[in-house]
Amino acid sequence: MKIWLNGKIVPEEEAKVSVFDHGLLYGDGVFEGIRSYNSRIFKLDEHLERFYKSARAIMLKISLSLKELEEAIIKTLRANNLKDAYIRVVTTRGVGDLGLDPVKCPSPTIFIIASKIQFYPRELYGKGLRLVTVPTRRSDIESLNPAIKSLNYLNNILAKIEATNSGALEALMLNRDGYVVECSGDNIFMVKNGTLLTPPISVGTLEGITRNVVIDLAQSFKINCLEPLLTRYDLYNSDEIFLTGTAAEIIPVTELDGRSIKDGKVGPFTKRLMLGFKELVNQEGKEYAL
Ligand code: PXG
């Protein structure tokens, strides 16, 4: 595998960062996960916009222009001969001393990994995932705003550990007030009486790119979509549940906290949106030649 690191394509074995990099010492940095399908990078502009916004929020300057970063991503895809890829773009505060102070880190580290990823087992897309609510609450907006896609993912990792300990692959996370926020690495949707519902950004949800794609798809299918406050009670009594994420795409949930959702089968709205999503990723996106 070839990695793009600080402006150069290097072999995986040579793609190394310092133990003094604040990305490692403190999780001081931001990242994006992007997909390409059949030589098209899906929602590239949206991902890069979020990347620059995350960096701005933590006062981290990205040395590359948008155009240069786009070129670097395509260069990485070419170097690895990938038509279908999961792309990870990461920038950290860079090398500093053992103190927290980011001012002492003069040059940010930036790297791009392009690889393959299969998030959930294939068969779960046909039969649905088992989800559990975990005790760890999602970070408060006032503490560490989840809108910032930072390298500080311990909140989500704790949730993932709790889900794994309960034998589930994904964790449902609530906020301090007990409202449904999202999962450890995916957004959540439910269907009730033909209406699509997803938690609002204001409860501390990451504004997922896939979440927005699903909202747009619903609109084009004339499916009503709302963003109300949701509780676990609402989810337990829903007709359908599914999760969205760049890596996961759209994955059905057929059980939550031991309750089967409706009849425990993947519902018609989920199926229709999954199909619509599949069509979209093959039509849209920034094309590149290998
Ligand atoms: N919520 C959170 C907290 C995320 O981290 C999403 C929602 C979905 O957003 P997009 O824009 O991808 O539709 C994410 C993205 C992992 C992993 O291994 C997950 C993400 C990123 C990197 C790794 O679970 N999630």
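Looking only at residues that are modelled with pLDDT under 95 and open to solvent by 60 Å² or more (accessible area, probe 1.4 Å) in the range 118-132, which one is nearest to the chain's Cα centre (by Cα)? Looking at the filtered set, the residue picked out is PHE119.
Among the residues of the range 30-44, those that are of a type outside the set (Val, Ile, Thr), away from the ligand (no atom under 13 Å from the Cβ) and touching a strand residue (DSSP E or B) at 6+ places or on another chain (Cβ under 8 Å) comprise SER36, SER39, ARG40. ILE117 fulfils the conditions (1) more than 14 Å from the ligand (Cβ to nearest atom); (2) touching a residue at least 12 places away in the same chain (Cβ under 8 Å); (3) part of a loop (DSSP other than H, G, I, E, B) except for a single criterion, (1). One residue alone among LEU48, LEU82 is within 21 Å of the chain's Cα centre (by Cα) and not in a loop (DSSP other than H, G, I, E, B), and that residue is LEU48.
Counting residues in the range 228-241 that are surrounded by 15 or more Cβ atoms within 10 Å (Cβ to Cβ), of a type in the set (Phe, Trp, Tyr) and over 23 Å from the mean Cα position of the chain (by Cα) gives one or more. Taken over the range 211-229, residues that are closer than 20 Å to ASN145 by Cβ and away from the ligand (no atom under 11 Å from the Cβ) amount to 2.
Evaluate the following for LEU64: is it more than 16 Å from the ligand (Cβ to nearest atom), more than 13 Å from the chain's Cα centre (by Cα) and free of Cβ contacts under 8 Å to residues at least 60 places away in the same chain? So LEU64 fits the description; yes.
Summed over the range 260-290, the residues that are within 17 Å of LEU197 (Cβ to Cβ) and touching a Phe, Trp or Tyr at 6+ places or on another chain (Cβ under 7 Å) give a count of 2. Might you check whether a residue that is away from the ligand (no atom under 13 Å from the Cβ), over 16 Å from the mean Cα position of the chain (by Cα) and not basic (Lys, Arg) occurs anywhere in the range 201-210? Yes, the range 201-210 has at least one match. When the range 173-182 is filtered for residues that are within 13 Å of the ligand (Cβ to nearest atom) and either within 16 Å of GLU227 (Cα to Cα) or out of contact with any strand residue (DSSP E or B) (no Cβ under 8 Å at 6 or more places or on another chain) (or both), the ones remaining, listed by number, are ASN175, VAL180, VAL181, GLU182.
Can you find, within the range 17-45, the residue that is most open to solvent (accessible area, probe 1.4 Å) among those that are farther than 21 Å from ASN212 by Cβ and in a helix (DSSP H, G or I)? Once the filter is applied, the top-ranked residue is LEU24.
The values are calculated or read from the model by the stated rules, or taken from the named source; none is laboratory data. This structure is a prediction, so every number in the text was calculated from the model and none was measured. Every residue, glycine among them, receives a Cβ derived from its backbone with ideal geometry; neighbour counts consider all protein chains shown. The protein model used for the area step is the full one, side chains on, heavy atoms only, and it has no ligands, DNA or RNA in it. Shrake-Rupley method; radii C 1.70, N 1.55, O 1.52, S 1.80 Å.
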